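Accompanying notes for the structure given below.
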Amino acid sequence: MFTHYLTRAQVRDIDRRASEEFGVPGVVLMENAGRGAAEFLLSLGVNGPVVICCGKGNNGGDGFVVARHLDNHGALVRVLLFARPEELTGDAAVNYRILQRSGLPLRVQPDLAELEGELAAAAWVVDALFGTGLSGAVRPPLDRIIAAVNASGKPVLAIDIPSGLDCDTGLSLGATIRATHTITFVAPKAGFANPAAQEWLGQVQVADIGAPRSLLNRFTPMGK
């Protein structure tokens with residue numbers, strides 16, 4: 001497995017080159033990521049509802065795929081979208097439409113009281129709010145959403161990176177998800193090497209999403 005640390009810029013470059021140079025559609029990479037995350041969560045044990053908190057970007061799109069695959073395995077899922085559907089674009093919008101047509105429980109822009117009610121009944125929470133592209137502090141109301149998830153005391157699986165953690169530095173940007181487990185794609189992110197990141201990451205699992213090995217081999221270890 002490819003194990004070099006990747007910066008934010010390298011993550012974007014891999015996604016772009018996989019599509020442009022190798023012809024791997026982004027929606028395929030998203031499907032592989034979401035399915036891998038769902039399978040990992042199932043391996044940890046799911047004994048109750050899973051609340052999946054999704055943002056408007058590709059991290060949220062991963063969350064939609066996670067929901068579908070958990071449902072296919074008989075798990076109870078609740079999807080909370082903290083954005084307007086019309087804000088979704090590209091592969092995230094594709095997977096949102098699939099989710100809608102699948103008839104899975106979905107709440108759009110729930111308020112804090114609704115979120116707290118969902119969290120109270122949850123066995124797991126999936127963090128799919130922000131991915132590696134976040135470079136500034138989480139703004140209201142999503143900072144309060146993150147605080148509520150952390151206060152719930154429920155185990156959290158972060159998708160690719162805990163929301164609010166800087167990909168490159170491993171430092172909290174303010175409100176940050178405190179994950180029990182993080183499933184990250186292709187390789188650990190550069191910030192994960194920072195000991196300060198450990199309190200947010202929990203246990204880290206690296207998952208392959210199908211980017212060609214010949215592409216990944218172009219990326220050398222950090223500092224070389």
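The values are calculated or read from the model by the stated rules, or taken from the named source; none is laboratory data. Predicted model, so just to flag it, every value in this text is computed and none were measured. Neighbour counts are summed over all protein chains in view; Cβ atoms, including those assigned to glycine, are modelled from backbone coordinates with ideal geometry. Surface accessibility is based on the protein's heavy atoms, side chains included, excluding ligands, DNA and RNA. Shrake-Rupley method; radii C 1.70, N 1.55, O 1.52, S 1.80 Å.
Two decimals, Cα atoms only, Kirkwood Rh: what is Rg/Rh over region 153-207?
0.92
Can you tell me the 0 to 90 degree angle between the C-alpha axis of helix 142-151 and the longest principal axis of the chain, rounded to 10?
Compared with the principal axis, the helix lies near 80 degrees.
State the percentage of accessible surface on region 147-200 attributable to carbon and sulfur atoms; use a 1.4 Å probe and exclude ligands, DNA and RNA. Spell out each step's value before the answer.
Details: 950 of 1610 Å².
Solvent-exposed carbon and sulfur of region 147-200 make up 59 percent of the total.
Between D13 and A123, what FRET efficiency follows from the Cβ-Cβ distance if R0 is 35 Å, with the result rounded to 0.05?
Working: r = 37 Å, r/R0 = 1.06.
Between D13 and A123 the formula returns 0.40.
Could you run the Debye sum over the Cα atoms of region 131-182, one equal point scatterer each and no solvent, and tell me log10 of I(q)/I(0) at q = 0.13, 0.15, 0.21, 0.28 Å⁻¹, two decimals?
Taken in order of the listed q values, log10 I(q)/I(0) reads -0.26, -0.35, -0.69, -1.15.
So what is Rg over Rh here for the chain, counting just Cα atoms and using Kirkwood for Rh?
When Rh is taken as the Kirkwood radius, the ratio is 0.94.
If I model region 48-169 as equal point scatterers sitting on the Cα atoms and use the Debye formula, what is log10 I(q)/I(0) at q = 0.12, 0.14, 0.22 Å⁻¹?
Scattering profile of region 48-169, log10 relative to I(0): -0.38, -0.52, -1.36.
Report, in deg cm²/dmol and to the nearest 500, the calculated mean residue ellipticity at 222 nm for the chain, where each DSSP H run with n ≥ 4 adds -39500 (n - 2.57) and the sum is divided by the residue count.
Numbers: 8 runs with 87 residues, N = 224.
So the calculated ellipticity at 222 nm is -11500 deg cm²/dmol.
Taking Cα atoms, how many degrees apart are the long axis of helix 58-72 and the longest axis of the chain, rounded to 10 and kept between 0 and 90?
Rounded to the nearest ten degrees, it is 60.
Where does helix 26-44 land angle-wise versus the long Cα axis of the chain, in degrees 0 to 90, nearest 10?
It is inclined by approximately 60 degrees.
With +1 on each Lys and Arg Cβ and -1 on each Asp and Glu Cβ, and nothing else charged, work out how big the dipole of the chain is about its Cα centre, in Debye to the nearest 20. Show your work: numbers first, answer last.
On the way: 20 positive and 22 negative charges, 43 e Å.
So the dipole magnitude of the chain works out to roughly 200 debye.
Using alpha-carbon pairs under 8 Å, 6+ residues apart, how would you state the relative contact order of the chain in percent?
Numbers: 466 pairs, mean separation 53.1, N = 224.
After rounding, I find 24 percent.
Keeping every protein chain present and rolling a 1.4 Å probe, give me the accessible area per residue for the chain in Å². Present the calculation step by step, with values, prior to reporting the outcome.
Working: 9810 Å² over 224 residues.
Here the residues of the chain average 44 Å² of exposed surface.
Take the alpha-carbon centre of region 172-217, take the same for region 33-104, and report the distance between them in whole Å.
19 Å
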